[in-house]
Amino acid sequence: MAMYKFYSIIKWESEDNVFSVEFPDVPNCFTDGKILKEAIENAEDALGLLLSVLEDDGKDIPAPSPAKDIQVPEDANLILIDVETDNFKEAV
């Protein structure tokens, strides 16, 4: 069982009326949600699924950066997302 913890940057996008989520250390992993709780749940799913595929394909998992090394826009929040990839193996 592999457990991963990555910081996400969550920001309210007033133009689209959603909370956007991106992972600075995980390329091509992003999602959104209409409310913050939904955005965090979607972030867990997006991260878990992507990392699970990387594991299955034998690709390297990027190393997570410490919070102090991540540049967070003034209007965004840094939120730690943790996932256990075994929980996503059946979903792939």
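The values are calculated or read from the model by the stated rules, or taken from the named source; none is laboratory data. Here the structure is a predicted model, which means the values were calculated and not measured. A quick note on method: Cβ atoms are made from the backbone with ideal geometry, for glycine too, and the neighbour counts reach across all protein chains shown.
Per-structure values
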| item | result |
| --- | --- |
| Matching residues in the range 39-92 - criterion: being closer than 13 Å to E22 by Cα, more than 14 Å from the chain's Cα centre (by Cα) and free of Cβ contacts under 8 Å to residues at least 60 places away in the same chain | Q71 |
| Flag if D86 is more than 10 Å from S8 (Cα to Cα), surrounded by fewer than 17 Cβ atoms within 10 Å (Cβ to Cβ), touching a helix residue (DSSP H, G or I) at 6+ places or on another chain (Cβ under 9 Å) and modelled with pLDDT under 95 | yes |
| Number of positions in the range 39-69 that are surrounded by fewer than 15 Cβ atoms within 10 Å (Cβ to Cβ), more than 15 Å from N28 (Cβ to Cβ) and either modelled with pLDDT under 95 or not charged (D, E, K, R) (or both) | 6 |
| Residue list for the range 17-38, filter: outside any strand (DSSP E or B) and either modelled with pLDDT under 95 or in contact with a helix residue (DSSP H, G or I) (Cβ under 7 Å, 6 or more places away or on another chain) (or both) | F23, V26, P27, N28, C29 |
| Failed criterion for S8 (all others in (1) within 10 Å of the chain's Cα centre (by Cα); (2) assigned to a loop (DSSP other than H, G, I, E, B); (3) small (G, A, S) hold) | (2) |
